[in-house]
1. Looking at the structure I just gave you, is G161 under 30 Å from L210 (Cα atoms), out of contact with any Leu (no Cβ under 8 Å at 6 or more places or on another chain), in a loop (DSSP other than H, G, I, E, B) and at pLDDT 95 or above?
2. Looking at the structure I just gave you, is Q30 at pLDDT 50 or above, closer than 21 Å to Q99 by Cα and among the polar types (S, T, N, Q)?
3. Is one or more of the residues making up region 73-85 out of contact with any Lys or Arg (no Cβ under 6 Å at 6 or more places or on another chain) and either surrounded by fewer than 13 Cβ atoms within 10 Å (Cβ to Cβ) or under 27 Å from W158 (Cα atoms) (or both)?
4. Against the conditions (1) of a type in the set (A, V, I, L, M, F, W, C); (2) closer than 24 Å to L261 by Cα; (3) surrounded by 20 or more Cβ atoms within 10 Å (Cβ to Cβ); (4) within 19 Å of the chain's Cα centre (by Cα), where does L174 fall short? Just the number, please.
5. Does G151 satisfy being modelled with pLDDT of 95 or more and at positive phi?
6. Can you tell me which of (1) of a type outside the set (D, E); (2) out of contact with any helix residue (DSSP H, G or I) (no Cβ under 6 Å at 6 or more places or on another chain); (3) open to solvent by 60 Å² or more (accessible area, probe 1.4 Å) is the one Q104 doesn't meet?
7. Across region 111-157, what is the number of residues that are over 30 Å from T168 (Cα atoms), surrounded by fewer than 14 Cβ atoms within 10 Å (Cβ to Cβ) and touching a Ser or Thr at 6+ places or on another chain (Cβ under 8 Å)?
Amino acid sequence: MMRQTWGLMLLLFAGSLHPAVAAQEVSQQQLAQVAASARVQDRVTALTKLYNRSDFRALEFNLSQLPLLQQEAVRGQLVAHAMAHGALDQAKADWLQAQAERKQAFTVVEQGDGYQITQSAFHYPAQARGLVRQWQETQLGQQMVAQAEVGELVLSRWLAGDLHTQQTRRDLFLQHLPQLSAQAVANLVAQFAADSQLMWLPDNGVIAHLAAVSGDPGMYHLLWRRRTDRYSQAELNRLASQAPEPTAVTQLMAATMNPSLKPLAYKALITLKPLPAEARAFLTQKLDEVDDGHLVASELARHGYRQWLAQLAEDSRNPLRKKHLQAALALEP
């Protein structure tokens, strides 16, 4: 078994090498003729079956019998078959990785009005690289779900790395979060209270989605205290669409603590018709605040609450509230 594995590795390695010579220029017509030739099409049909069986020892041996241009044409069509038929295993991923690393032996010249561009004749290395990356990310996502379900996923370690790695893993986490059980989600939420390293996440993606899935007040409190980004704005918009559901109203009120989100949060509350009792009481209290009183009064006036504001102004003994209400009522309706 060891000898067979070693032999396969040698074949894949050999298949990725080319003589150290300059790339040969071919025309688009030559490429089309080679790709459509009976010999290439016969080899593609036969080798597709070997690819499907992950028999890459036989596949590489057959490819090695072809002239290099025909071989490259077959490789390109095999990678196209892999792209069209999705599911990979480790052997397929290894073979595709070898294709991604092949140095191209042929170039084609594209000529236009006053320009000339030389490029690789075959583009399958980039396609193979993309397939392998997708497969690796799928595997990583499945591992993440499995670890989370048994309580072994430590977010501060799993999300660590350079910015690109953090973003890739964040996106995988968001993609797979809906698959997690309530207990797995609760375990992840608890990590934010216990692990200070999670305070330094570069964006709000993980926090906002965990807050949405769990409904945990602590996660929302953390989200509203952080710098605003597209994730916190998206969650605020989602909550606005859920109102007047009580949890949504509660978090819209809580979001007004964030300086960047408060105008949107107040507007989302004030545009509710009818205005929930808890929101009405909350907004009434805000009229007494130096920073937010004018904003709240103005929004209420713009959205049809002038009669209520006038009554509040008449009844109020708070000079600051009266000032906010009178300024709002002075606005053009």
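1. Judged against the criteria, G161 is not a match.
2. Here the answer is no, as Q30 does not meet what is asked.
3. Within region 73-85, one or more residues are out of contact with any Lys or Arg (no Cβ under 6 Å at 6 or more places or on another chain) and either surrounded by fewer than 13 Cβ atoms within 10 Å (Cβ to Cβ) or under 27 Å from W158 (Cα atoms) (or both).
4. (3) is the only condition that L174 fails.
5. So G151 passes the test.
6. All conditions are met except number (3).
7. The number of residues fulfilling the criteria is 1.
Conditions (1) of a type outside the set (D, E); (2) on the phi < 0 side of the Ramachandran plot; (3) assigned to a helix (DSSP H, G or I), marked per residue:
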position	(1), (2), (3)
R102	yes, yes, no
E110	no, yes, no
T118	yes, yes, no
V132	yes, yes, yes
T138	yes, yes, yes
Q142	yes, yes, yes
V145	yes, yes, yes
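The values are calculated or read from the model by the stated rules, or taken from the named source; none is laboratory data. Being a predicted model, the structure only gives us computed values, none of them experimental. Counting neighbours? That spans all protein chains shown, and the Cβs are built from the backbone with ideal geometry, glycine included. Remember, those area values only see protein heavy atoms, side chains included, never the ligands or the DNA or RNA. Shrake-Rupley method; radii C 1.70, N 1.55, O 1.52, S 1.80 Å.
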